[in-house]
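First up is the structure itself, then whatever we jot down about it.
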Amino acid sequence: MSTSTTSAPPGTEDPPEARAAPRRGKPDPAWTGWRRALRRDWQLYSLAILPLLFFLVFRYLPMIGNVIAFRRFEPGGSIFGEEWVGLRYVQMFLSDPTFWQVFRNTLWIGGLTLLFCFPVPIVLALLLNEVRRRSLKRFVQSVSYLPHFLSIVIVAGITMQMLASDGPVNHMLGWFGHEPIRFIQEPEWFRTIYVGSEIWQTAGWGTILYLAALTTIDEDLYEAARIDGANRWQQIWHVTLPGIRPTMVTLLILNIGAFMAVGFEKVLLLYNPLTYQTADVISTYVYRSGVESNSFSYAAAIGLFEAIIGLILITSANQLSRRTVGTSLW
């Protein structure tokens, strides 16, 4: 018994391409949803174009210039340097005693700023939250917000005039029989002046986020605490502070990330050669090395080192926060 196979007539077979063509998979739902949202709200998304361009042009593209930290750069030559020198400039600043003095000053000023400037807005926000008279609360908020809108040049000018040898502060000291103090010329006073002026300028503005976070706390929690016999301090400790803890942790991580980037403008305006011993920080040292001394490669190497330290700090703080309190930036 034999079997026969019937072949299809010529020209009726499926082409090889059609038989081998794979089936199309289903489109990604996330991608489809994003495209639909973009098509629906394109006007809102278009508002992000200018901020993105700003960060691209002034934040990301300049990172290419970090290559001159490893190349010898000469003004008028190639923007990427003339000759590859490897870690020469890194070894130079690591073996420079002046750099380590500047590094210690940066740690001191950054640590004092974080220690005093971070908790003050929290305390001020808690105090404002307890004020029941709306007129008084608005007045205190307006007065505390005002320094934030002043230029750093104006803040530095006010600080120097107040602390001058013939300024109001020394006049008040004279009433008590104290000799005038040269606050601006004495190195041991610079850190106190800087941190004090920073608190005055930023404390009020820093309360905005905390006051907004306070409004999200459920009033029923306060009612339950009062029923349990908690006084005002106990309500603040057990209800208010846990309610704003995510905001506190987020801002703390951001402040730790900017730990090394001590305010360049204010330090530059307040310090002088007499106070370099305690006032000179990495940012001002980079400015003098790069702009004034034309050592751009050397300054770029120091700036890159500062950026790496900042990246390590913010990453470590974020990981520690995630493991301890369950709140993180990413």
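The values are calculated or read from the model by the stated rules, or taken from the named source; none is laboratory data. Keep in mind that what you see is a predicted model, and the values were worked out from it rather than measured. FYI the Cβ positions are ideal-geometry reconstructions off the backbone, even for glycines, and counts take in every protein chain you see. We work out accessible area using only protein heavy atoms, side chains counted, and drop any ligands, DNA or RNA first. Shrake-Rupley method; radii C 1.70, N 1.55, O 1.52, S 1.80 Å.
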Residue list for region 136-153, restricted to those being open to solvent by less than 60 Å² (accessible area, probe 1.4 Å), in a helix (DSSP H, G or I) and within 19 Å of residue 199 (Cβ to Cβ): 140, 141, 144, 145, 147, 152
Residue 171 vs. criteria under 21 Å from the mean Cα position of the chain (by Cα) and open to solvent by 50 Å² or more (accessible area, probe 1.4 Å): no
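Kindly indicate whether residue 271 is within 27 Å of residue 79 (Cβ to Cβ), buried (at least 16 other Cβ atoms within 10 Å of the Cβ) and over 14 Å from the mean Cα position of the chain (by Cα). Full working, then the answer.
Details: within 27 Å of residue 79 (Cβ to Cβ): no; buried (at least 16 other Cβ atoms within 10 Å of the Cβ): yes; over 14 Å from the mean Cα position of the chain (by Cα): yes.
Considered against the rule, which asks whether it is within 27 Å of residue 79 (Cβ to Cβ), buried (at least 16 other Cβ atoms within 10 Å of the Cβ) and over 14 Å from the mean Cα position of the chain (by Cα), residue 271 comes out as no.
Would a scan of region 23-40 turn up a residue that is among the acidic types (Asp, Glu), exposed (fewer than 11 other Cβ atoms within 10 Å of the Cβ) and either modelled with pLDDT under 90 or not in a loop (DSSP other than H, G, I, E, B) (or both)? Outline the logic, then answer.
First, the residues of region 23-40 that are among the acidic types (Asp, Glu): 28.
Checking which are exposed (fewer than 11 other Cβ atoms within 10 Å of the Cβ) leaves us with 28.
Now restrict to residues that are either modelled with pLDDT under 90 or not in a loop (DSSP other than H, G, I, E, B) (or both): 28.
Scanning region 23-40, I find at least one residue that is among the acidic types (Asp, Glu), exposed (fewer than 11 other Cβ atoms within 10 Å of the Cβ) and either modelled with pLDDT under 90 or not in a loop (DSSP other than H, G, I, E, B) (or both), so the answer is yes.
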From 79, 68, 109, residue being surrounded by fewer than 16 Cβ atoms within 10 Å (Cβ to Cβ) and either among the hydrophobic types (A, V, I, L, M, F, W, C) or assigned to a loop (DSSP other than H, G, I, E, B) (or both): 79
Qualifying position, being among the polar types (S, T, N, Q), in a loop (DSSP other than H, G, I, E, B) and out of contact with any Asp or Glu (no Cβ under 7 Å at 6 or more places or on another chain), among 327, 315: 327
Qualifying residue in region 242-259 (condition: under 30 Å from residue 88 (Cβ atoms) and either among the small types (Gly, Ala, Ser) or surrounded by fewer than 17 Cβ atoms within 10 Å (Cβ to Cβ) (or both)): yes
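Given 237, 189, 205, which one is within 19 Å of the chain's Cα centre (by Cα) and open to solvent by 20 Å² or more (accessible area, probe 1.4 Å)? Please lay out each step first, then the result.
Working: 237 fails: within 19 Å of the chain's Cα centre (by Cα); 189 fails: within 19 Å of the chain's Cα centre (by Cα).
205 is the lone residue from the list that is within 19 Å of the chain's Cα centre (by Cα) and open to solvent by 20 Å² or more (accessible area, probe 1.4 Å).
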